[in-house]
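Single-structure report; data block below.
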Amino acid sequence: MLGIAGYYLDKQGNHRLSFEDKNTNNIFDNKIKLMDKTYELLDKKFGNLVKTPIIFGGNMVLHRNTIEKVSFDPYNTRGEDIDYLINAKMEGLSFFLDKSLNIIHLPPEYNESNKINVCKLKQDILRFFYEKEKIEYSKNIEELNSIDIEKLKPYPGEFFEEKNFKDAEEKLLNILEKNEVKEFINYAKLRAKELSPKYFEFRILWKNLFKDLKKEILK
């Protein structure tokens, strides 16, 4: 077992999420709902240790072999924990959720009087476009395992469907001008295509770095 994660708990000691059930099919409106649904499914799985499609960066335990084999992605600036899980799956490694491994996690409160945090939304769009492209790109690398997004559902797998693009544009159109939305969506797609091959070059650099470190230590 090379990777374990536990839940984040709120002030009341709960790991389940509170959310407003919006009457919409837009995936970016339903992110919290999808996350909570994933927690519900994990809770229903038998046993204390269960395979998981979601992990929490502040509550993970990694084996040394995992760190040597799987690199963090320097090009991903949000959701680094789940991105790391995806990178690990590409390398043939799975994470397990330990239902008894819990910590209190109190993120900062955001003023969302308009029900929207534009910066956070844009970061999510950049992140999911990029991760979707990475998953597609990895299929061309023989030594890597193909990622089945069905096994990552509900969250984050739903964000890797094709409707992600349409929903992102639709969501942004509620708060930004049409030309600004088009420009950002095009940028997000181009960024994903440009950075994906760079990550797969970096993963080799990462592995070689640890090989060299071992050699230095053994001298």
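List of remarks:
- Residue in segment 96-107 that is closer than 30 Å to residue 47 by Cα, within 14 Å of the chain's Cα centre (by Cα) and free of Cβ contacts under 8 Å to residues at least 40 places away in the same chain present: no
- Within segment 176-188, considering residues that are out of contact with any helix residue (DSSP H, G or I) (no Cβ under 6 Å at 6 or more places or on another chain) and surrounded by 13 or more Cβ atoms within 10 Å (Cβ to Cβ), the one modelled with the lowest pLDDT: 176
- Selection within segment 193-219 - under 21 Å from the mean Cα position of the chain (by Cα) and basic (Lys, Arg): 193, 198, 203
- Of all residues making up segment 18-64, the number that are at pLDDT below 95 and of a type in the set (Ser, Thr, Tyr): 2
- Against the numbered list (1) part of a helix (DSSP H, G or I); (2) modelled with pLDDT of 95 or more; (3) among the hydrophobic types (A, V, I, L, M, F, W, C); (4) farther than 20 Å from residue 39 by Cβ, residue 121 comes up short only at (2).
- Scanning segment 28-43 for residues that are out of contact with any Lys or Arg (no Cβ under 7 Å at 6 or more places or on another chain), free of Cβ contacts under 8 Å to residues at least 60 places away in the same chain and closer than 17 Å to residue 102 by Cα turns up 40, 42, 43.
- Reported count of residues in segment 124-163, each being within 19 Å of residue 70 (Cα to Cα) and part of a helix (DSSP H, G or I), is 11.
- Test: residue 92 is under 14 Å from the mean Cα position of the chain (by Cα) and either modelled with pLDDT under 95 or of a type in the set (Gly, Ala, Ser) (or both): no
- Test for residue 86: is it surrounded by 14 or more Cβ atoms within 10 Å (Cβ to Cβ), among the β-branched types (Val, Ile, Thr) and closer than 30 Å to residue 166 by Cα: yes
- None of 194, 180, 170, 216 is part of a helix (DSSP H, G or I), touching a residue at least 40 places away in the same chain (Cβ under 8 Å) and among the acidic types (Asp, Glu) except 170.
- Taking segment 1-113 and the helices (runs of 4 or more DSSP H) fully enclosed by it, the elements with 3 or more residues that are charged (D, E, K, R) and touching a Phe, Trp or Tyr at 6+ places or on another chain (Cβ under 9 Å) are at 31-44, 80-90.
The values are calculated or read from the model by the stated rules, or taken from the named source; none is laboratory data. In this text the structure is predicted, and so the values were computed from the model without any measurement. Because the Cβ atoms are built from the backbone with ideal geometry, glycine has one as well, and the counts that use them run over all protein chains shown.
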